[in-house]
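Here's the structure, in structure tokens; my notes come after.
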Amino acid sequence: MAKSALLKSSIAKKYWMALTGLFLCLFLAGHLAGNLQLIFGDALQFNKYALFMTSNPAVKLLSYVTYISILFHAVDGFMLTYQNVKARPVGYAKSNPGANSSFSSRNMAILGTLILVFIVTHMVNFWAKMHFDKNMPLQTITVEAMGQKQDLYLTTNEGYLPVQQVAKSYDEATKSGLQTYIENRTEFYNTQAKVKVGEGYKDLHKITVAFFKDAKYGLIATILYVIAMAVLAFHLLHGFQSAFQSLGLNNPNWTPKIKFFGTAFAIVVPLLFAIIPVYIHFFLK
Amino acid sequence: MSAAKNINITLKIWRQKNSKAKGNLETYKLNDVSTASSFLEMLDQLNEQLINDKIEPIAFDHDCREGICGMCSLYINGRAHGPDTGITTCQLHMRMFKDGDTIFVEPWRSRAFPVIKDLVVDRSAFDRIQQAGGFVSVNTSGNTIDANATPIAKDDADKAFMAAACIGCGACVATCKNGSAMLFVGAKVSQYALLPQGKVEATNRVLNMVRQMDEEGFGNCTNTGACEVECPKGISLENIARMNREYLKASVK
Ligand code: HEM
Ligand code: SF4
Ligand code: FES
């Protein structure tokens, strides 16, 4: 990067916008594939997937790239927008922008800011619980043996532990004399030996279903989620094809194909995302 | 086409004494405007009326009045060069308006195009961008090579000609919600990038022109495509993409 600053110039900022934006499109596709297991998979499959996503080193690396991309995309977007607003200090008394440009293309910053608000609340509701919540439940199954119902913790090595025989902490275990207790949110320990005997699955499935089925807030959460996906759709309707133009790809051969694929992506991906909470709220038993 | 008739219109026109003054929209009524007249002729008619009424006439830019010089500007009823596409304001005709219409007339609005007076803006920022790299250095000491001696692929020549059609009017900046000059600069960069004569200085050209463009305070392109729609010369967005490619190439060199 000889004579140009590959960060400062208007065009360079657009390269970064496009690269981070397209990476986030890939992220969306991956995230969607995971979420669809809420409809097409069972709780265990979904929780296994969630565990994989929070522990696999390659996925971890990708997740850091995603966090950085979102931050960079947002900061860069705000900087561009600030400069763009400054570029026209006196506006027009009468203007007719609909005559020459699309709604999405003119409102990328507003749409993006709404997406940012969504991402933050979304991470507070799910990501933060998954990563930090002390009360994150572990997955159990209910079995019926000889007319008796019993709840069992599932362990990652395909084992079972009766819920009644597991204390919530070491202190509780010593008081109640239980053989097993939970340490570090997910690990089952033997009380006498103080050694790890297994590990449970964080029940993200349960948290998610409870969130969208909540008697008080489930409906509004579902509606807001659907609205957020509509906002994302509009952002992508312009953004996907725009990124290729920013990177310098515009020719009669490729551009129509990119625009077609971009439009399909912008409609199908947010739509599938939005169907999931609607399904959970209204149709999941 | 139906025969010309006369219409009565109301005009809301931006008046501003000088670059420092605040400025405001003034309302003028103008009767008996022939629909066969051009928009600028209508303004001439208004100015005659103003002079007769002892009001200072409205300053507006114009020169060739046949769509080739790029001097005429004007944001008319919310659109650069008014309600038609592929034309400059001097090519806009009053038949595009109806009897009783109210027409807003404003100057180009951009930090980089400050108003000098009324509807006249200072577009010398474009000149400075051009001076930063929009040229080829040719030895003119008597042994210049005839341009036709250098073979150029027809396709490239056509594209370069199409880019060179830009008349520097600034409608792209005026209509862009970001006040971005990328269509203009894209055209100027492309015009040379496509030709062998321009390749020699291609790296510095694109870096210097883009730097000058940024320094002048133009906004950043968000690919809304408004410029392409309003450009009187049909300059395509492909030229912006080509500039982006050229810039990337030059940056990693
Ligand atoms: C998953 C989330 C997101 C995806 C997939 C995404 C995708 C994209 C893409 C592909 C572009 C086009 C880039 C270009 O024109 O070169 C774009 C542009 C933009 N995005 Fe996002 N974006 C997301 C979130 C956000 C957020 C959170 C913000 C801001 C707070 C934001 C603000 C913007 C802005 C302002 C632009 C227009 C920039 C320009 O064209 O100069 N986006 N986005
Ligand atoms: S690109 Fe078109 S609108 Fe912009 S200055 Fe050139 S001729 Fe005018
Ligand atoms: S006056 Fe020359 S282009 Fe309009």
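The values are calculated or read from the model by the stated rules, or taken from the named source; none is laboratory data. Since the structure is predicted, the reported quantities are computational estimates derived from the model, not experimental observations. In this analysis, Cβ positions are derived from the backbone assuming ideal geometry, glycine residues included, and neighbour counts consider all displayed protein chains. For the accessible areas, the whole protein counts, side chains as well, though only heavy atoms, and no ligand, DNA or RNA atoms are used. Shrake-Rupley method; radii C 1.70, N 1.55, O 1.52, S 1.80 Å.
At a glance:
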| read-out | value |
| --- | --- |
| Accessible-area composition of the range B:124-252, carbon plus sulfur, in percent [1.4 Å probe] | 54 |
| 5 angstrom amide H check on B:L74, placed H, neighbours 5+ away | B:W108 |
| Net lengthening on full extension, A:I267/A:E144 (0.36 nm per residue, minus Cα-Cα) | 39.8 nm |
| B:C69 - accessible surface, heavy atoms, 1.4 Å probe, Å² rounded to 10 | 40 |
| Cα gyration tensor shape of the range A:140-199, rounded if a/c is under 1.5, else prolate or oblate by comparing a/b with b/c | oblate |
| Reference-scaled alpha-carbon Rg (2.2 N^0.38 Å with N residues) for chain B | 1.13 |
| Derived scalar couplings ³J(HN,Hα) [the range A:188-201; Karplus, 6.51 cos²θ - 1.76 cosθ + 1.60; whole Hz; x for Gly, Pro] | 8, 10, 7, 5, 6, 7, 6, 10, 6, 10, x, 9, x, 9 |
| Paramagnetic reach from A:S55 (point 7 Å along Cα→Cβ, amide N under 19 Å) across the range A:184-211 | A:184-190, A:195-207 |
| For the range B:1-125: relative contact order, % (alpha-carbon pairs under 8 angstrom, 6 or more apart) | 32 |
| Gain on full stretching of the segment that runs from B:E26 to B:E66 - 0.36 nm per residue minus C-alpha separation | 11.6 nm |
| Calculated from backbone phi, Karplus (6.51, -1.76, 1.60) coupling profile of the range A:157-165 in Hz, x at Gly/Pro | 9, 6, x, 10, 9, x, 4, 5, 9 |
| Projected area, mean over directions - the range A:201-258, Cα convex hull, nm² | 6.5 |
| Cα point-scatterer Debye curve for the range B:77-151, base-10 log of I(q)/I(0) at q = 0.13, 0.14, 0.15, 0.20 Å⁻¹ | -0.67, -0.72, -0.76, -0.98 |
| For residues of B:221-232, the mean tally of beta carbons on other chains within 10 Å | 6 |
| Equivalent ellipsoid dimensions for chain A as semi-axes, Å, which come from the Cα gyration tensor, largest first | 47, 21, 17 |
| Test item: B:71-79 mean partner chain Cβ contacts at 10 Å | 3 |
| Whole-angstrom gap from the range A:244-283 to the range B:162-214, using each part's C-alpha centre | 31 |
| Shielding of B:173-186 by partner chains, average beta-carbon count, 10 Å | 4 |
| Diffusion coefficient, µm² s⁻¹, Stokes-Einstein with Kirkwood Rh over alpha-carbon pairs of the range B:124-252 at 20 °C and 1.002 mPa s | 143 |
| Volume in Å³ per residue [convex hull over Cα atoms, computed for the range A:1-96] | 148 |
| A:K134-A:K94 FRET efficiency (beta carbon distance; Förster radius 51 Å; 0.05 resolution) | 0.30 |
| At least 30 Å² of accessible area lost relative to the chain alone, listed for the range B:88-135 with a 1.4 Å probe | B:F104, B:E106, B:R109, B:R111 |
| Approximate spin-label separation A:S102-A:S176, in nm, with each point projected 7 Å along Cα-to-Cβ | 5.7 |
| Scattering profile of the protein assembly as shown at q = 0.08, 0.09, 0.11 Å⁻¹ [log10 I(q)/I(0), Debye over alpha-carbon scatterers] | -0.68, -0.79, -1.01 |
| Translational D in µm²/s for the range A:241-285 (Stokes-Einstein at 4 °C, 1.567 mPa s, Kirkwood Rh from C-alpha pairs) | 104 |
